[in-house]
Amino acid sequence: MDILEDCPELESFIRTFDTWQEEILNYFDARQTSGPVEGINNKARVIVKRAYGLKSADSLWTRLALDLNRAREVVSHTIGHLRELVRGFQALFSSACT
């Protein structure tokens, strides 16, 4: 008895299983998945679509970091730059503002 003769719908499933058998079994053996990587890739694709027209890779990385809930690292870095900028302005204009 050939199962494919009785259920031809299973042919696609069996081909997929044969192709990805090692990866499927890895999940059950060690709970290894590519889910986190696929999630990051998906977020990057969404950002690229949303950010059509961005001119710099830095802006893309900043948006990706923000979307991956790493805002604290990005924002604290930006705040440090802003503080530096303000100190520069203060030094420049301190003699004019008395």
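Can you tally the net charge around Val46? Count Lys and Arg as +1, Asp and Glu as -1, for every other residue whose Cβ sits under 12 Å from the Cβ of Val46.
Net local charge, Val46 excluded: +4.
What is the sum of charges around Gln90, taking Lys and Arg as +1, Asp and Glu as -1, for the other residues whose C-beta is under 14 Å from the C-beta of Gln90?
+1
A short reminder: the numbers here are calculations on the coordinates, not readings from a lab. Just so it is clear, the structure is predicted and the values come from calculations on it, not from any experiment. Note that each Cβ is placed from the backbone with ideal geometry, even for glycine, and that neighbours are counted across all protein chains shown.
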